[in-house]
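The values are calculated or read from the model by the stated rules, or taken from the named source; none is laboratory data. Since this is a predicted model, take the numbers as computed values, not measurements. FYI the Cβ positions are ideal-geometry reconstructions off the backbone, even for glycines, and counts take in every protein chain you see. Keep in mind that these areas ignore ligands, DNA and RNA; they rest on the heavy atoms of the full protein, side chains included. Shrake-Rupley method; radii C 1.70, N 1.55, O 1.52, S 1.80 Å.
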Amino acid sequence: MAGSDNRVLVYDVGGSHISAAVFDGDSCGLSGVISAGYPSDQTIDTFLNVLHSLGALAMEGATGVRGASLAMPGPFDYEAGVSWMEHKLAYLYGFDLRRALAAHLRWPPSRVRFLNDAAAFLAGEIAAGAARGVSRVVGITLGTGVGSAFAVDGHVVREGVGVPTGGEIWNIPYHGGIVEDQISTRAIQKSYLEFTGQEREVAAIAGAAVQDPIAAEVFSAFGRNLGLALRDVLAPFAPQAIVLGGGIARSANLFLSAAQGEIGESAQLRISALGDHAPLVGAGAAWFSTGAAVTPAAKPDLSHAEPRQR
């Protein structure tokens, strides 16, 4: 891999797996994309080993890599590089991940940076996806939970007119519960259970929707609820577009029309153009937009990384 010196190693730390790649700051492209699941024995050491091994494979042949940028779920102190998650990745609680990963890669800690995973998703779509050129835009990731991020003029914001606390909508009180109750995986599963008495995974319900009118109606109802919730909760921010991602968005053909019908012409619903790569692109784009102009870091010592299958 020759050419640009504007590269950064990027990671997307998800609930079931970790992805890594090298991001090119000139083209907004990715190379060496690879992912791996978590080991059965999850500890700080095994977590760092997975990051290190993925980094070794993603960076094969790469030059001019300036540092690393990680999209992480919260709660997490993104400035300090310390996790405060008590349920997901609980073994990282209170751990200085920045310093530890920097030591593994043999880089100064300043070359390792973090951002929220939903913010990374939206940053990626702004840089090279469905949110390019949109002045006021919201990114929503739909899955077991609901992630959200807000952006104005190409910059992700966590405060300002119409932006909820921390840019998060999942826990906003709504219809006797919270927003996440209405527009997450459990909402679809609960609706299907009420109709049929059966418990099924969302992917299975979506797969059946072509021939099963009940499954189709479950997704249509989900779309209506999604549209209503986003219309009500996002109205103070007045977005021009809302970009949907996450696992549920893969079945957008089953609910997007119903959701847009509830939102009306106030905002356009769009589906992620980058899919699973959006947080990786966003992590890289954010690294270059927030970092000072620095010369590329020395190539990290990855000689002791354990090879992993692609």
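Miscellaneous remarks
- Looking across the range 1-58, just one residue is assigned to a strand (DSSP E or B), hydroxyl-bearing (Ser, Thr, Tyr) and open to solvent by 50 Å² or more (accessible area, probe 1.4 Å), and that is Ser35.
- Residue match in the range 82-95 (condition: out of contact with any strand residue (DSSP E or B) (no Cβ under 7 Å at 6 or more places or on another chain) and not in a loop (DSSP other than H, G, I, E, B)): yes
- Those helices (runs of 4 or more DSSP H) of the range 164-214 in which at least 1 residues are touching a Ser or Thr at 6+ places or on another chain (Cβ under 6 Å) and not charged (D, E, K, R), considering only elements entirely within it, cover 185-196, 202-208.
- If you go through the range 140-156 and keep only what is outside any strand (DSSP E or B) and in contact with a helix residue (DSSP H, G or I) (Cβ under 9 Å, 6 or more places away or on another chain), you end up with Gly143, Thr144, Gly145, Gly154.
- Search result, residues across the range 237-248 that are part of a helix (DSSP H, G or I) and surrounded by fewer than 19 Cβ atoms within 10 Å (Cβ to Cβ): Gly247
- Qualifying residue in the range 177-199 (condition: over 26 Å from Ala151 (Cα atoms), within 22 Å of the chain's Cα centre (by Cα), acidic (Asp, Glu) and open to solvent by 20 Å² or more (accessible area, probe 1.4 Å)): no
- Reported count of residues in the range 249-270, each being within 21 Å of Gly167 (Cα to Cα) and open to solvent by 60 Å² or more (accessible area, probe 1.4 Å), is 3.
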